[in-house]
């Protein structure tokens, strides 16, 4: 791989939606590094998290927080930069902004104001999980995070499974609710194939495939720390496995 350009050319004015690694910092693209290095400012979901990435690659662009609680206010600050014909970058803690992460309102505001928006693609947990599952070749439905409350979660899960038909459904889940989600799947989709992956691209990456009941049993006596990606297919069509 070529080294990043220490003096990348100036960016065209506009908002740059930059994908960042979902775990392994080595997964950043050369174009993303050039963009982050050259932008006037980086609007980041968590500046402390993004600072780790910038420090790794010796990037000193100013950081501005832009998360789900202040995104509405930060839109105006982004637009101020763009009104001055500057280039600014938008990142989240991991993956692509606006994909089950903050950023969508900023992008929409830029479109509405007539400012250019550019994508600098990078890793996302949804496509990484699909690739590891082997279940997404014919298309998929992305459901993101389900509601935290049990009744609402079960209703939403049932609706997605009914809507999906034969397409796999990709879901994100947190450490604290993964057991409850697997229990729900054991009742609502007991014969489906489910891929579950955690800590993807990190040191303790783990992938497991089987029926929901098999996954419940697998994690009964195991730690389940980390963020999770689940891919739910129509039926069990392969031997259960884990790695």
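Compactness of segment 125-242 was expressed as the Cα radius of gyration divided by 2.2 N^0.38 Å, which yields 0.94. Taking the C-alpha atoms only, the angle from helix 150-164 to the longest principal axis of the chain is near 90 degrees.
Take every DSSP beta bridge whose two residues both sit in the chain; close to 50 percent of them are antiparallel. Here 22, 178, 141 are placed in order of increasing Cβ neighbour count within 10 Å, fewest first, which gives 141, 178, 22.
Normalised by residue count, segment 14-120 yields a Cα convex hull volume of 83 Å³ per residue.
How large is the helix-only mean residue ellipticity at 222 nm for the chain, computed as the sum of -39500 (n - 2.57) over DSSP H runs with n ≥ 4, divided by its residue count, in deg cm²/dmol to the nearest 500?
Using -39500 (n - 2.57) per qualifying helix, the result is -10500 deg cm²/dmol.
Here each label is just a point 7 Å from Cα along the line to Cβ, and for residue 221 and residue 166 those points are 4.0 nm apart.
All of the numbers you see were taken from the coordinates with simple rules; none came from a lab. The structure displayed is predicted, hence computed values, not measured ones. Note: ideal-geometry Cβ built from the backbone for every residue, glycine included; neighbour counts use all protein chains shown.
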